[in-house]
Amino acid sequence: MTSSPPRQSGAAQPSAADRAKQAAAERACAFVQDGMRLGLGTGSTAAFMVRRLGQRVREEGLRVVGVPTSSRTAALARDEGIRVVTLDQAGWLDLTIDGADEFDADLTLIKGGGGAHLQEKVVAAASERMIVISDPAKRVARLGAFPLPVEALHFGLASSERHIARVLDHLGYGERPVTRRMAGERPFISDEGNAILDLHLGAITDAAALADALNQIPGVVENGLFIEMADLVIVGHGDGEGGRCELIEAHPGLAEAMARPRPRQEDPFAAIGE
Ligand code: 5RP
């Protein structure tokens, strides 16, 4: 009798980039401790993190609350059984874990490829610590190959675009394309109901000067540069056996300090209520 060929699972093999994202997300979740108030990032890497966190909640009885940075992440977190609260309910957060579109040697980030950088920045700014999870492709010598997202009000959008062009000229970028983010045929609308403009800069020379100048424009709500916000970047690698991660700290010793066990609290979320 001949044996039948092995059955194909039908599921596509994950790409090296996805294995890298998953490795980084899982390593980051090892920093999550019982009783933490967490900021939950947005994007495909952050989705791996939310799923792993959900697994820890279900399997280990980990008690956490999560503040999602987008409606997409909120839906996924709820599906995973993570208790979702608003930032105002949570107050100050222990840790935010989020992805990035680019990061450099100073751990300055470009975010907003998913159009969620406004909530992501508000949540990260309200967190004691921020871990960025990444695949190797996001690490750059100079920021700016990825178009810089800028969230802007619909009101006076054309005049905001003119101000942006002037700012870029003044800062020495010259004439650079600024495009309106689309979702298929229609303009993309952020969770806050705003437009996203993508600034195609090629290379960013002084991130702080650019971020400050953009945020001075009245119709600009927030730009996608995250400066001095990331404490730790975890770069996953999808090669070989998988699961290999590099930890890049903003200051030496941060990862060790973040991994130090916290005392268990009886009722960590009593102040939030049910
Ligand atoms: C969303 C973001 C994401 O973190 C960023 O776009 C990275 O996404 P991905 O993990 O899918 O590559 O800033 O606004």
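The figures follow:
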quantity: The chain: calculated mean residue ellipticity at 222 nm from DSSP helix runs of at least 4, using -39500 (n - 2.57); calculated: -9000 deg cm²/dmol
quantity: Spatial extent of segment 1-111: Rg and Dmax, with the Cα atoms as the point set, Å; calculated: 17.1, 67
quantity: Cβ-based charge dipole, the chain, positive-most Cα from Pro261, Pro14, Gly202; calculated: Pro14
quantity: From phi via Karplus (6.51, -1.76, 1.60), per-residue ³J(HN,Hα) for segment 224-238 in Hz, x at Gly/Pro; calculated: x, 8, 10, 10, 6, 10, 7, 8, 8, 10, 9, 9, x, 10, x
quantity: Debye, to nearest 20: dipole size of segment 148-221, +1 on Lys, Arg Cβ, -1 on Asp, Glu Cβ; calculated: 180 debye
quantity: Percent RCO, i.e. relative contact order, over segment 148-221, from Cα pairs under 8 Å lying at least 6 residues apart; calculated: 47 percent
quantity: Globularity index of the chain, i.e. its alpha-carbon radius of gyration over 2.2 N^0.38 Å; calculated: 1.08
quantity: Dipole moment magnitude, nearest 20 debye, the chain about Cα centre, only Lys, Arg, Asp, Glu C-beta charged; calculated: 620 debye
quantity: Point-to-point label distance, Trp92-Leu153, nm (Cα→Cβ direction, 7 Å offset); calculated: 3.2 nm
quantity: Most positive-pole-ward Cα, Gly113, Gly81, Leu95, against dipole of segment 73-115 from beta carbon charges; calculated: Gly81
quantity: Cα-projected label distance for Ala17 with Asn215, points at 7 Å along beta-carbon direction, nm; calculated: 2.9 nm
quantity: Ordering of 183-189, 87-93, 20-26 by burial proxy (mean other Cβ atoms within 10 Å per residue, highest first); calculated: 20-26, 87-93, 183-189
quantity: Rounded D (µm²/s) - segment 148-221, Kirkwood Rh over Cα pairs, Stokes-Einstein at 20 °C, 1.002 mPa s; calculated: 171 µm²/s
quantity: Amide hydrogen neighbours beyond the local backbone of Glu128, cut-off 5 Å, H modeled; calculated: Leu93, Asp94, Leu95
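Readers should treat all values here as calculations from the given coordinates under stated rules, not as data from a laboratory. This one's a predicted model, so the numbers in the text were calculated from it and none came from an experiment. Glycine also receives a Cβ, built like all others from the backbone with ideal geometry; neighbour counts cover every protein chain displayed.
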